[in-house]
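J.: Dropping a structure here in structure tokens format, bear with me for questions.
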Amino acid sequence: MKNIAQVVPTRLTAHVAHAPATGPCALVLFGATGDLAKRKLVPALYNLAVEEALPETFALVGFSRSATSGDVLRGLQREALEHFSRRQPVDEVVWDNLSPRISAVPGAVDDPAAYAALRAELERIDQENGVRCNRLFYCATPASVFPSILRQLAGVGLISKASQEVARDGARPWARVIVEKPFGRDLESARALNAQCLEVIDEEQIYRIDHYLGKETVQNILVFRFANTIFEPLWNRNHVDHVEITMAEEIDVEGRGSFYEETGVIRDIVQNHLLQMLALCAMEPPVSFEAEEIRDMKAQVLRSLRPLAGYDVEEKVVRGQYEGYRDEKGVAPGSCTPTYVALTAHIDNWRWQGVPFYLRAGKALARRVTEISFHFRQIPFCLFGEENVCKRIDANVLKLRIQPDEGISLRFASKVPGDGLDIGGVNMNFRYADAFDRPAPEAYERLLLDCMRGDATLFARRDEVELSWKYVQPILADWECGRHASVPLYARGSEGPKEATALVRATGHAWERLA
Ligand code: BG6
């Protein structure tokens, strides 16, 4: 397939730099020395500092058992930047400006004394800055400890319900909490977790993170759909034959065996990243771009997902495990934890009735690629004489490439030059890297900043999270009830288990190739 055209942006909207974050802010990071902090959060904060997007009065307080002092924490964070920042080398001026604003509160998440120390540290920061900082608490910890963290924070008066505070004193600074995915382990625990959170804070103070929503290309799904007029008339059952959403990873569990044993691909990827992408692709146009309007439309899609009955799980959901997973550290020798899933989802609404949405995700696959392909209907009638010419005409495919090689392509048929009538498929291709003169920020940069600004558009609301759990619950129940003594294995670096190929072949379709 050749790229026959390059898209050039005709008129860029104003070069929109990060809008400044609101007011002074202290960010408290629970799990400050963990993997997420090292790989994503600290680099994101540093890159925001490079872009001068952090509030002028900003402090980062790392809460963890292992960062026993500010010096230790700063050392670890500097090391993390050298490994994981998207900008290299680390800018000494920026670091010299940022590092004095980083401090540590050593302690365990269930130790009340550590929270008293945290409170004292935040008060010290307020005093030294001469302003009372807004406070952002980031729980980069397992979901099971969120309730304990929230209770302890409430116990020392560091968080409370905004609605009640406003009633007493409208001028108080804000306190918000970011919680990492997966939010709960299943529907019941997610509901319980939501209820526990809402005992101490209001829904508007909870920012449930799904870093896929912070990716430029995922945000572009809405811009693509609603800032162009030519696609929307095609965006329905009349023109779309089926939709494929793939999130394939080349990496394996990378030493996180014990975490993955608890999680598996459904909790790790499907309940959040895949269903959020599906919701953005399938939702109705919102009334405006306000957070609640967009979340309402996404929730509507999730509510319209056809529930999977017990037998559907067998017919419509395929699982797999890469060979060698059981040898990973922290993995049980006979583990059936799936590292791969492929499933067929249906959306029971006017727009999408009868259009299968094929979803797949997995680790240790042939290639790292996340993309959403809209496969349009075949031509209705063969005009080109011989039937075998028409058989070679591929249906149009619109591909939203989330990563890597971020962009959008449209596949259509073209006459192959020469005598006779030969028809070939060609691609019209837009690549972010060619079209725009600035690299896309990392998802966490955008999300941290949005939270400081109080913009919840790119965070999942309570009902979205619960609806997603509700959808995957029958899969979890079926796979975890011990009915399956084994799981199909697939070779590392392959396309996944052969059962996934059979799943879509049964309806006359095929996955886009990974290799
Ligand atoms: C995380 C999962 O949410 O997403 C990881 O926990 C996965 O298992 C990661 O590797 C993939 O994110 P990205 O941004 O690299 O596609």
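J.: So which residues in the stretch 491-503 are within 25 Å of the chain's Cα centre (by Cα) and either surrounded by 18 or more Cβ atoms within 10 Å (Cβ to Cβ) or on the phi > 0 side of the Ramachandran plot (or both), if there are any at all?
T.: The answer is GLY493, SER494, GLU495, GLY496, PRO497, ALA500.
J.: May I pose another question? Could you count how many residues in the stretch 102-130 are over 18 Å from PHE146 (Cα atoms) and open to solvent by less than 60 Å² (accessible area, probe 1.4 Å)?
T.: The total comes to 9.
J.: Among the residues of the stretch 357-400, write down those that are more than 16 Å from the ligand (Cβ to nearest atom) and either basic (Lys, Arg) or under 21 Å from the mean Cα position of the chain (by Cα) (or both).
T.: Selection gives PHE357, TYR358, SER373, PHE374, ARG377, LYS391, ARG392, LYS399.
J.: Something else about it: Cβ-Cβ distance below 6 Å, separation of 6 or more or different chains: which pairs start in the stretch 20-42 with a residue that is on the phi > 0 side of the Ramachandran plot and crowded, with 20+ Cβ neighbours inside 10 Å and end on one that is among the polar types (S, T, N, Q) and modelled with pLDDT under 95?
T.: Filtered contacts from the stretch 20-42: GLY31/THR141.
J.: Look at LYS470 and say whether it is at pLDDT below 90 and either touching a Leu at 6+ places or on another chain (Cβ under 8 Å) or assigned to a strand (DSSP E or B) (or both).
T.: no
J.: On to the next question. Please go through the stretch 431-452 and pick out each residue that is open to solvent by less than 30 Å² (accessible area, probe 1.4 Å) and more than 16 Å from the ligand (Cβ to nearest atom).
T.: ALA435, LEU449, ASP450, CYS451, MET452
J.: For residues that are within 16 Å of the ligand (Cβ to nearest atom) and in a loop (DSSP other than H, G, I, E, B), tally how many sit in the stretch 170-205.
T.: The qualifying residues number 6.
J.: Regarding the stretch 425-448, can at least one residue be identified that is closer than 29 Å to ALA291 by Cβ and hydroxyl-bearing (Ser, Thr, Tyr)?
T.: Checked the stretch 425-448: at least one residue is closer than 29 Å to ALA291 by Cβ and hydroxyl-bearing (Ser, Thr, Tyr).
J.: To continue, here is another question. Does any residue of the stretch 292-301 turn out to be part of a loop (DSSP other than H, G, I, E, B), surrounded by 15 or more Cβ atoms within 10 Å (Cβ to Cβ) and away from the ligand (no atom under 16 Å from the Cβ)?
T.: Within the stretch 292-301, none of the residues are part of a loop (DSSP other than H, G, I, E, B), surrounded by 15 or more Cβ atoms within 10 Å (Cβ to Cβ) and away from the ligand (no atom under 16 Å from the Cβ).
J.: All but one of (1) buried (at least 18 other Cβ atoms within 10 Å of the Cβ); (2) of a type outside the set (Asp, Glu); (3) more than 16 Å from the ligand (Cβ to nearest atom); (4) in a loop (DSSP other than H, G, I, E, B) hold for PHE289, so report the exception by its number.
T.: Only one criterion is unmet by PHE289, namely (1).
J.: For the stretch 230-241, does any single residue satisfy the condition of being open to solvent by 20 Å² or more (accessible area, probe 1.4 Å), more than 16 Å from the ligand (Cβ to nearest atom), of a type outside the set (Gly, Ala, Ser) and touching a strand residue (DSSP E or B) at 6+ places or on another chain (Cβ under 6 Å)?
T.: Yes, the stretch 230-241 contains at least one residue that is open to solvent by 20 Å² or more (accessible area, probe 1.4 Å), more than 16 Å from the ligand (Cβ to nearest atom), of a type outside the set (Gly, Ala, Ser) and touching a strand residue (DSSP E or B) at 6+ places or on another chain (Cβ under 6 Å).
The values are calculated or read from the model by the stated rules, or taken from the named source; none is laboratory data. Because the structure is a prediction, the values reported are computed rather than measured. Don't worry about glycine lacking a Cβ; one is built from the backbone with ideal geometry, like all the others, and counts go over all protein chains shown. Keep in mind that these areas ignore ligands, DNA and RNA; they rest on the heavy atoms of the full protein, side chains included. Shrake-Rupley method; radii C 1.70, N 1.55, O 1.52, S 1.80 Å.
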